[in-house]
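What follows is a short report on a single structure.
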Amino acid sequence: MPSASEEIVQKLPEAWLLDMDGTLYLSHCVLPGAKELIDHFNQNSIPYCLFTNNSSLSRKDYVVKLENLGLDCEPSRILTSAWATILWLLKRNIQRVYLMAVPSVCQEFSDAGLILDSVNPEVVVLAFDQSLDYEKLKRAHQFLLDGVPYIATHPDLVCPTSTGSIPDCGAMIALLKASTGREPEIIGKPSRNMVDMASVLLGALPQSMAIVGDRLYTDMRMGFDHGLITVLLLSGETQAEDLKDVVQKPDYCFGGAKELLEWIYSSGRGG
Ligand SMILES: [Mg+2]
């Protein structure tokens, strides 16, 4: 695995998929170099999108969050697993959805023309529902036993917060697997669905796109599985020692966004 100083870069990725939490910021703090990295992409018209599995925020929520953090990113560049799920459903002409999600994400589904249906849905959709309650679980359980198709926005087991981790969508998937035996189709990282949507959004083939992230089992896994250039940043979940025992190592590894930007500059194509 080359570092910035060891590698003579032949060709930079044509487009960049940037994870957010642990990559650009941690909770409410922008990580060093993140703002400069985004500014560099904006000023040089380099295709990129912000790419997150977190489906507890709508794209509108993210615009506000990013503005508050001082990160300048157009809404059209934000690809959440919830938005990817909406696009996936619309593409298949699926309209009636039993949705487990927070109110702002439910609103995002409605605004996109989907019908929230808790009686006769065509599909059950599980998002990172921080308002999940037993009534919703009971209803989902019965729909799954009845054989209604089932998708989930993403498989992350926990979500990091400033006060420690909290149960995420993957833990909710495990609960419903235990009660029904059903497993969902996953839309978010590391599935192919997210890669295809980013490819269309950015007009680049997977092999010319880089995934930049802090997690091995979602960000890097997606890159490994679907042929993207993998760039691991050690500014979030993964520690340097975690790499010692992994079979498949990322193409590049940097301490954080600041070091990544220095590498881009050092390639001679820094703009
Ligand atoms: Mg992350």
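The values are calculated or read from the model by the stated rules, or taken from the named source; none is laboratory data. All values derive from a computational prediction rather than experimental measurement. Using ideal geometry, Cβ is built from the backbone for each residue, glycine included, and neighbour counts are taken over all protein chains shown.
A few points about this structure:
- One residue stands out among those in the stretch 198-218 that are within 16 Å of the ligand (Cβ to nearest atom) and in a helix (DSSP H, G or I): the one that is nearest to Trp263 (Cα to Cα), which is Leu216.
- Within the stretch 50-150, helices (runs of 4 or more DSSP H) holding 2 or more residues that are not assigned by TED's automatic domain parsing to the domain that holds Asp196: 81-91, 103-111, 134-145
- Comparison of Ala34, Ala4 shows that the only residue that is of a type in the set (Gly, Ala, Ser), at pLDDT below 95 and either buried (at least 17 other Cβ atoms within 10 Å of the Cβ) or away from the ligand (no atom under 16 Å from the Cβ) (or both) is Ala4.
- Residue in the stretch 100-109 that is surrounded by fewer than 20 Cβ atoms within 10 Å (Cβ to Cβ), of a type outside the set (Asp, Glu) and touching a residue at least 60 places away in the same chain (Cβ under 8 Å) present: no
- Yes/no for Val148 being away from the ligand (no atom under 16 Å from the Cβ) and exposed (fewer than 14 other Cβ atoms within 10 Å of the Cβ): no
- Selection status of Ile264, away from the ligand (no atom under 16 Å from the Cβ) and either under 21 Å from Gln43 (Cα atoms) or assigned to a loop (DSSP other than H, G, I, E, B) (or both): yes
- Count - residues of the stretch 55-99 that are touching a residue at least 12 places away in the same chain (Cβ under 8 Å) and within 19 Å of Val148 (Cα to Cα): 11
- Tally, over the stretch 30-49, of residues that are touching a residue at least 40 places away in the same chain (Cβ under 8 Å) and either in contact with a helix residue (DSSP H, G or I) (Cβ under 9 Å, 6 or more places away or on another chain) or assigned to a loop (DSSP other than H, G, I, E, B) (or both): 13
- Residue satisfying condition, being part of a strand (DSSP E or B) and either free of Cβ contacts under 8 Å to residues at least 40 places away in the same chain or surrounded by 20 or more Cβ atoms within 10 Å (Cβ to Cβ) (or both), within set Val195, Val231: Val231
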